[in-house]
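None of the figures in this text is laboratory data; all of them are computed from the coordinates on show. Remember, predicted model here, so these are calculated numbers, not experimental data. Neighbour counts run over all protein chains shown; Cβ positions are idealised from the backbone, glycine included.
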């Protein structure tokens, strides 16, 4: 019986149906809303967003909220023809909703 239980637990762990690691609680994450504004005439341009040096995606007004692990983070926004924006921020975690307004300059 013990052997059968060991085989079952191993199968569940290997298939991803069971995790042995700690569960990430909502308090370990934070909401970061990023609103990027650009000068008039820059319609259709989607700046690139980096978090801790890793490309996250293009900035989008339709999905401005990121769910980020709590702690110190470095945010960078790049767009060809504009100055790079970079800022160190502290993600506070739930229930805080942080908003970052960015104006890209030529």
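Points worth noting:
- Inter-probe distance in nm under a simple model that places probes 7 Å from Cα toward Cβ, at residue 70 and residue 90: 1.3
- Additional length obtainable on full extension of the chain from residue 40 to residue 61, 0.36 nm per residue less Cα span: 6.0 nm
- Rough spin-label spacing in nm, given labels placed 7 Å along Cα→Cβ, for residue 83 and residue 99: 2.4
- Compactness of region 24-103 was expressed as the Cα radius of gyration divided by 2.2 N^0.38 Å, which yields 1.11.
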